[in-house]
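In what follows, a structure is listed as structure tokens, so that the remarks can point back to it.
The values are calculated or read from the model by the stated rules, or taken from the named source; none is laboratory data. Remember, it's a predicted structure, so these values are computed and weren't measured experimentally. Cβ placement follows ideal geometry from the backbone for every residue including glycine, while neighbour counts extend to all protein chains displayed. Keep in mind that these areas ignore ligands, DNA and RNA; they rest on the heavy atoms of the full protein, side chains included. Shrake-Rupley method; radii C 1.70, N 1.55, O 1.52, S 1.80 Å.
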Amino acid sequence: DRAPIVAIDGPAGAGKSTVARQVARALGLLYLDTGAMYRAVTWLVLQSGLALDDEVGIAELVSRASIDLTPTEVWINEQNVTQAIRSIEVTSRVSAISAQRAVRRELVKQQQQWGNKGGIVAEGRDIGTHVFPNAELKIFLTASVQERARRRQQDFSVQGEQSVSLQQLERDISERDRADSNRSISPLRKAPDAIEIQSDRLSIAEVTERIVNLYQQKV
Ligand code: C5P
């Protein structure tokens, strides 16, 4: 017997992290960002100098790594990587690392331990299909590639970062969608019992409110 679990899955840049955080706050649940774990491992692999296709070496590295998530920070092997895991370098490599069987096996195990008492909002690509298939509420959050690229560009400009063209962002997002949806192990899929929310014309607050309402109806 455990407390409820909310699973939020969807493609890159659909607003999952922001929404999941706000839903967790509104419902008094913990927030688990599983993408941050794949990003932290990717950062570690890049630091290690291992080849990205050295699955045996990477498996060994991951099995010895310790990942810590606090509400605001991400740590791996005692290093604070909160900022570093958002770099373009990590973002462009993470799909290749997250497709590897040993990496997924280890991180899914940690995610399931993290959530075994429930009371969490977990966000990623395979939460409703694989990590927590018994979640009480499953959301599949989408938006068009154009809208996701536009939001990314806005994020960059708010952060005062060098501007990247919309075309380039659309290409990067489409490429990550393609890789995450076509890998052989736990590809990005809408679970049959997930509720899809298409967010092109919805604000963060509106998406959050819908999910909170669904939770209150169902749980
Ligand atoms: O959500 P975020 O963009 O931070 O995720 C980064 C990458 O981590 C995704 O593109 C995907 O390759 C991988 N990922 C995954 N399974 C999850 C969460 C993220 O494969 N549950």
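List of remarks:
- Scanning region 105-119 for residues that are touching a residue at least 12 places away in the same chain (Cβ under 8 Å) and open to solvent by 40 Å² or more (accessible area, probe 1.4 Å) gives Q112, W114, N116, K117.
- Remark: I173 falls outside the filter, which requires a residue to be at pLDDT 95 or above, under 25 Å from L29 (Cβ atoms) and within 16 Å of the ligand (Cβ to nearest atom).
- If you check R148, R125, R93, R152 for being in contact with a Gly (Cβ under 6 Å, 6 or more places away or on another chain) and modelled with pLDDT of 95 or more, only one passes: R148.
- Test: residue in region 176-193 that is more than 14 Å from the chain's Cα centre (by Cα), open to solvent by 30 Å² or more (accessible area, probe 1.4 Å) and farther than 21 Å from S95 by Cα: yes
- Members of region 13-30 found to be open to solvent by 30 Å² or more (accessible area, probe 1.4 Å), within 13 Å of the ligand (Cβ to nearest atom) and not small (G, A, S), listed by number: T18, R21
- Residues that are more than 16 Å from the ligand (Cβ to nearest atom), closer than 18 Å to V81 by Cα and part of a helix (DSSP H, G or I) within region 31-67 comprise Q47, S48, L61, R64, listed in sequence order.
- Counted residues, region 14-30 - those being part of a loop (DSSP other than H, G, I, E, B) and either more than 23 Å from I67 (Cβ to Cβ) or among the polar types (S, T, N, Q) (or both): 3
- Among the residues of region 35-59, those that are surrounded by fewer than 16 Cβ atoms within 10 Å (Cβ to Cβ) and either polar (S, T, N, Q) or more than 23 Å from the chain's Cα centre (by Cα) (or both) comprise Q47, S48, G49, A51, D54, V56, G57.
- Filter result for T72 (farther than 30 Å from V219 by Cα, assigned to a loop (DSSP other than H, G, I, E, B) and hydroxyl-bearing (S, T, Y)): no
- Of the residues making up region 86-104, one or more are surrounded by fewer than 17 Cβ atoms within 10 Å (Cβ to Cβ), among the hydrophobic types (A, V, I, L, M, F, W, C), within 15 Å of the ligand (Cβ to nearest atom) and touching a residue at least 60 places away in the same chain (Cβ under 8 Å).
- Considering region 194-214, and only residues there that are open to solvent by less than 80 Å² (accessible area, probe 1.4 Å) and in contact with a Ser or Thr (Cβ under 9 Å, 6 or more places away or on another chain), the residue that is farthest from A149 (Cα to Cα) turns out to be A194.
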